[in-house]
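Here, each number is a calculation from the coordinates, and none is a lab measurement. Just so you know, these numbers come straight off a predicted model, no measurement behind them. Quick reminder, even Gly has a Cβ in these numbers, built from the backbone with ideal geometry, and neighbours come from all protein chains shown.
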Amino acid sequence: MNDAVPVIAIDGPTASGKGTVAQAVAARLGYHYLDSGALYRLVGLAAVRKGIDLQDAAGLAALAASLDVRFDGDRIILGGADASDAIRTEEAGQNASRVAAVPAVRAALLRRQQAFRQPPGLVADGRDMGSVIFPDAKPKFFLTASVEARAERRVNQLKQKGNSAILADVLKELTQRDERDMNRPVAPLKCLPDAYLIDTTELSAAQAVERILDCVAKIR
Ligand code: DC
């Protein structure tokens, strides 16, 4: 790992806007971008496709260690085929959250994530970017929003992609996923004492990007 390369960590719950915001921050700074959630989504998807039980820790860890994945611009290629859309469904999110609770899966994905730390810098988004994967990241952000605002955003995203979505169902799924991500024993989602908290309930993605860039400029 190249410790001298700057890393900005953006953690937070699902549908908090961190993906959009992190990508925009990376583009503005000319940094690389790591969507760590995509890796857990890919492990979940590959497990379902291969018939590996989502409780089978050893099988999932072996799968995570040997995952044949390539990030090609904004496309994600799994085993030679484009999986960018398949990993974005609600079911894929729930499966990702399940496999992410398996410590051996997290261990298997650790170095793969750290390898994204390349000059001139990295913006990393996920749940444990600032706590486990890049504990020396500076600054660290915790992006959140009310569960209702996040559910509405997720419904809009799903509809834009041509999927049907019912607000009450999405709200329930987000709440379940938050519970699992925040209460697992390994690398739980939490706002770290050294992270800047940004509540995006009343903010646009563009405003959140400006807040983050202001903060980055101040500490450098
Ligand atoms: O950010 P996302 O919704 O794409 O993440 C999908 C799931 O993956 C999320 O519910 C929890 C898990 N995850 C994780 O445990 N650690 C990360 N760094 C990123 C995601």
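Take the alpha carbon atoms of the stretch 1-65, find their center, do the same for the stretch 106-159, and report the distance between the two centers in whole angstrom. Using only Cα atoms to place each centre, the spacing works out to 7 Å.
Under 11 Å from a label point set 7 Å out along the Cα-to-Cβ vector of Leu213, the amide N atoms of the stretch 8-52 belong to 24-30.
Residues whose amide H lies under 5 Å from that of Ser84, counting only those 5 or more places away or on a different chain, are Ile76; hydrogens are built 1.01 Å from N in the peptide plane. Using only side-chain charges placed at the Cβ, +1 for Lys and Arg and -1 for Asp and Glu, the dipole size of the stretch 68-220 relative to its Cα centre rounds to 440 debye.
Structure note, pairs Lys18/Lys159; Lys140/Lys161; Lys18/Lys218; Lys138/Lys161; Lys18/Lys172: Cα-Cα distances above 28 angstrom occur for Lys140/Lys161; Lys138/Lys161. So, R0 is 30 Å and r is the distance between the beta-carbons of Ala107 and Arg70; what FRET efficiency does that work out to, to 0.05? The pair Ala107/Arg70 has a calculated efficiency of 0.85.
For the chain, modelled as a GNM whose springs connect Cα atoms under 10 angstrom apart, the maximal fluctuation among Leu203, Leu109, Leu34 occurs at Leu203.
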